[in-house]
Amino acid sequence: MAAAKTSETVKHITYLAGVLKAPRITEAAARLADQARDANWTHEDYLAAVLDREVAARNASGARLRIKAAGFPAVKTLEDFDFDAQPAVRNQITALSSGAFLTEARNIVLLGPPGTGKTHLATALGVAAAGHGHRGLFATATDWITRLTEAHHAGRLAAELAKLRRYGLIIVDEVGYLPFEQDAANLFFQLVSSRYEHASLVLTSNLPFSGWAGVFGDQVVAAAMIDRIVHHADVLTLKGASYRLRGRGIDSLPSIRTTTETEN
Ligand code: ADP
Ligand code: MG
């Protein structure tokens, strides 16, 4: 009789979990019921344990979707990063990984020569942010310019910038690999302005700030942009030889020397 009643209840739980669009509850409820009986849990403990499993699973699948939607070139995490290669930024990155910078709309700028882990860290911070429930979008500076130029030509730049502001995090990779035309520089300036004190930007560049005037073609635009970016920002400078070329007997590239010299 009791067994029949239990199986009726299990069926009913399956039905209710389906209605709640939480089918995992069925499995957790059955598995945890045995554990609860063995360990004499209270009803409240049992209910909390079942709901915990569902919430954890939802958060994980939400994070997975956000990571997929962000458009990272490759998924990289902070756990994959070898901080022994960049010991100077370990503490700063650890502090930033909590995602608190996003709620304060602070920016992060990662500077350094090629191969020192700028894209890796920008991605890893975006992945961590996705885990904390924040939506992000990753693209290179050139791709952002293409996107903004298209919006501008279609007469919907303001709408595009408003839409982007709904993303807590915009990652702009490779500022400075290609110089911008005047129009592109102005569009980029509008992106920076529209996010200023509203939502975060993570930027990477192989050039020190002193080289940005050359990228934006205009000292005044570059200065105004850097001013807004760094007003509330953490600036991290990565150093050394390319991680890609480690152990290959190639310890310097021409660009490494140039960048390091201008920086110091
Ligand atoms: P950058 O953007 O500065 O040119 P990347 O972030 O693309 O450099 O790094 C180049 C490659 O080396 C990537 O595959 C990255 O994952 C790896 N890498 C760089 N630095 C580290 C590091 N400190 N620990 C682990 N992998 C690293
Ligand atoms: Mg890179």
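Points to keep in mind about this one:
- If you filter the stretch 90-146 down to residues that are among the polar types (S, T, N, Q) and either on the phi > 0 side of the Ramachandran plot or in a loop (DSSP other than H, G, I, E, B) (or both), you find that the one that is farthest from ligand 2 (Cβ to nearest atom) is 98.
- Of the criteria (1) in a loop (DSSP other than H, G, I, E, B); (2) of a type outside the set (A, V, I, L, M); (3) in contact with a Lys or Arg (Cβ under 6 Å, 6 or more places away or on another chain), which one residue 155 fails: (3)
- Residue 131 vs. criteria under 17 Å from the mean Cα position of the chain (by Cα), of a type outside the set (Ser, Thr, Tyr) and surrounded by fewer than 21 Cβ atoms within 10 Å (Cβ to Cβ): yes
- Whichever residue in the stretch 224-244 is of a type in the set (A, V, I, L, M, F, W, C) and within 18 Å of the chain's Cα centre (by Cα) and, among such residues, is surrounded by the fewest Cβ atoms within 10 Å (Cβ to Cβ): 235
- Among (1) over 16 Å from residue 171 (Cα atoms); (2) within 16 Å of ligand 2 (Cβ to nearest atom); (3) exposed (fewer than 11 other Cβ atoms within 10 Å of the Cβ) - the single one residue 74 does not satisfy: (1)
- Residue count, the stretch 201-212 (criterion: crowded, with 17+ Cβ neighbours inside 10 Å and over 25 Å from the mean Cα position of the chain (by Cα)): 1
- Candidate set: the stretch 165-185, residues that are within 16 Å of ligand 1 (Cβ to nearest atom) and surrounded by fewer than 22 Cβ atoms within 10 Å (Cβ to Cβ); chosen: the one nearest to residue 125 (Cα to Cα): 174
- The residue of the stretch 158-169 that is farthest from residue 141 (Cα to Cα), among those that are part of a loop (DSSP other than H, G, I, E, B) and either hydrophobic (A, V, I, L, M, F, W, C) or free of Cβ contacts under 8 Å to residues at least 60 places away in the same chain (or both), is 166.
Quick grid of which residues meet (1) closer than 20 Å to residue 128 by Cβ; (2) touching a residue at least 40 places away in the same chain (Cβ under 8 Å); (3) touching a His at 6+ places or on another chain (Cβ under 9 Å):
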| position | (1), (2), (3) |
| --- | --- |
| 25 | no, no, no |
| 55 | yes, no, no |
| 59 | yes, yes, no |
| 71 | yes, yes, no |
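- Of the residues in the stretch 180-199, at least one is in contact with a Lys or Arg (Cβ under 6 Å, 6 or more places away or on another chain), farther than 21 Å from residue 114 by Cβ, hydrophobic (A, V, I, L, M, F, W, C) and not in a helix (DSSP H, G or I).
- Any pair with Cβ under 6 angstrom, 6 or more apart, that starts in the stretch 170-182 at a residue that is closer than 20 Å to residue 71 by Cα and in the same structural domain as residue 111 (by TED's automatic domain parsing) and ends at one that is assigned to a loop (DSSP other than H, G, I, E, B) and within 11 Å of ligand 2 (Cβ to nearest atom): none
- Matching residues in the stretch 200-247 - criterion: being closer than 22 Å to residue 139 by Cα, assigned to a helix (DSSP H, G or I) and of a type in the set (Val, Ile, Thr): 215, 221, 226, 229, 230
The values are calculated or read from the model by the stated rules, or taken from the named source; none is laboratory data. From a predicted model like this one, the values you see are computed outputs, not experimental measurements. Neighbour counts are summed over all protein chains in view; Cβ atoms, including those assigned to glycine, are modelled from backbone coordinates with ideal geometry.
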